[in-house]
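Structure record follows, encoded as structure tokens.
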Amino acid sequence: MTMTPIELLRQNAPASSPVISLCEGSDPRVVAGALAAHQAGLADVILVGPQAEVEAALKNQNAARSDGVMVHDPATSDLTEEFAQTYFELRQHKGVDPAKARATVETPPVYAAMLVRSGRATGTVGGAVHTTGDIVRAAIQVIGMAPDAGMVSSFFLMYPPENAQPGARAMLYSDCGLVIDPSADELSKIAVASARSARALLRVDPKIAMLSFSTKGSAKHPDVDKVIEATETLRQSSPDLEVDGELQFDAAFVPSVGDRKSPGSSVAGQANVMIFPNLDAGNIGYKITQRLGGYTAIGPVLQGLARPANDLSRGCSAEDVTQMIAVTALQAIRE
């Protein structure tokens, strides 16, 4: 049985606790999830937001600041001046002046990302209130992309229910939350990053299915050609990875269908990394798997950044926050 991020982190706890900054430190779900993560020994947390509002949220949870639960108000923090200078140096080529830099780092998503860039936090989580655009923009501008990534994408970790049918397995779905219409080259990059994420967070050998509405030439269309090209690019750039495509979902997931539609494939019917051709397919696919299949979906998780930063759904629960803190801490350990 594949372990959840919380279980993995407990088994692989680092000598010193990761520190995760949360840019929505007064949201009740974020506070409850952060406190649960800290109490479980998963991470220390920094709650970012107006101090009075964060203190009130902590009081409502019958909690208070401690060594492992810190509060940072960007409007009054001793670090804001340093962060403003750093942001100005990063963005002056885009026309940002010192006054604009100061105002920007006082926004919680940017301040929380600055905590990561400066090494005061090992990762950051947001999105319960802010949009995906707010969180991703702050991460890219402040933390930056990993040198070998080429792009930032996202994925969901999908865990089967306890009463799942035989053959159900934990999987990684990408991209379901960020890149709207990736090119063939971008699809191959998403697949490489997703393989790394599957190894780190699912602890599996990735078997990558490049998904389409066609399997092995059963349909002809430019959208199918894109997936075929992406598959060939991936095979050439990463010959060590197990990949097959183009595959329909049933050929990727069901062994009997995979054997029939792609005989001899080591991936068809066994895939645990599902690469969707566009955001429409990915977003619809993970929600069908979640709502009809009963799978637990954790994400969207970002990949391709220099240091971990992750986006919550605005409909998230406190448990979702705790799980995402665990994911972010695991990403930090991997690096």
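The values are calculated or read from the model by the stated rules, or taken from the named source; none is laboratory data. Remember, it's a predicted structure, so these values are computed and weren't measured experimentally. Every residue, glycine as well, gets a Cβ built from its backbone with ideal geometry; the counts of neighbours run over all protein chains shown. SASA here: full protein model, heavy atoms, side chains in, ligands and nucleic acids out. Shrake-Rupley method; radii C 1.70, N 1.55, O 1.52, S 1.80 Å.
Restricting attention to segment 165-195, the residues being at pLDDT 95 or above and either assigned to a strand (DSSP E or B) or not hydrophobic (A, V, I, L, M, F, W, C) (or both) number 13.
Residue-level analysis places residue 79 outside the set of residues that are at pLDDT 90 or above and in contact with a Leu (Cβ under 6 Å, 6 or more places away or on another chain).
For segment 307-322, indicate whether the set of residues that are touching a strand residue (DSSP E or B) at 6+ places or on another chain (Cβ under 6 Å) and modelled with pLDDT under 90 is non-empty. Let's see the steps before the verdict.
From segment 307-322, those touching a strand residue (DSSP E or B) at 6+ places or on another chain (Cβ under 6 Å) are 308-311; that's our starting set.
Add one more test, that the residue is modelled with pLDDT under 90, and what stays is none.
No - not one qualifying residue is present in segment 307-322.
Among the residues of segment 34-49, are any touching a Phe, Trp or Tyr at 6+ places or on another chain (Cβ under 6 Å) and either touching a residue at least 24 places away in the same chain (Cβ under 8 Å) or of a type in the set (Val, Ile, Thr) (or both)? Checked segment 34-49: at least one residue is touching a Phe, Trp or Tyr at 6+ places or on another chain (Cβ under 6 Å) and either touching a residue at least 24 places away in the same chain (Cβ under 8 Å) or of a type in the set (Val, Ile, Thr) (or both).
Of all residues in segment 265-303, those being at pLDDT 95 or above and at positive phi number 1.
Here 209, 138 are screened, and the one residue that is at pLDDT 95 or above and farther than 22 Å from residue 109 by Cβ is 209. Within segment 191-218, the set of residues being farther than 20 Å from residue 254 by Cα and among the hydroxyl-bearing types (Ser, Thr, Tyr) comprises 194, 197.
Yes/no matrix, rows are residues, columns are (1) free of Cβ contacts under 8 Å to residues at least 24 places away in the same chain; (2) over 25 Å from residue 177 (Cα atoms); (3) touching a strand residue (DSSP E or B) at 6+ places or on another chain (Cβ under 6 Å); (4) not aliphatic (A, V, I, L, M):
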| site | (1), (2), (3), (4) |
| --- | --- |
| 67 | yes, yes, no, yes |
| 76 | no, yes, no, yes |
| 87 | no, yes, no, yes |
| 99 | yes, yes, no, no |
| 107 | no, no, no, yes |
| 144 | no, no, no, yes |
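One residue alone among 159, 173 is of a type in the set (Phe, Trp, Tyr) and open to solvent by less than 10 Å² (accessible area, probe 1.4 Å), and that residue is 173. Taken over segment 176-192, the criterion of being open to solvent by less than 20 Å² (accessible area, probe 1.4 Å), within 17 Å of the chain's Cα centre (by Cα) and of a type in the set (Gly, Ala, Ser) is satisfied by 191 alone. For segment 118-163, residues that are more than 14 Å from the chain's Cα centre (by Cα), within 23 Å of residue 94 (Cα to Cα) and polar (S, T, N, Q) total 3.
For residue 154, only one of the following conditions fails: (1) assigned to a strand (DSSP E or B); (2) open to solvent by 10 Å² or more (accessible area, probe 1.4 Å); (3) under 18 Å from residue 315 (Cβ atoms). What is its number? That leaves (2) as the condition not met.
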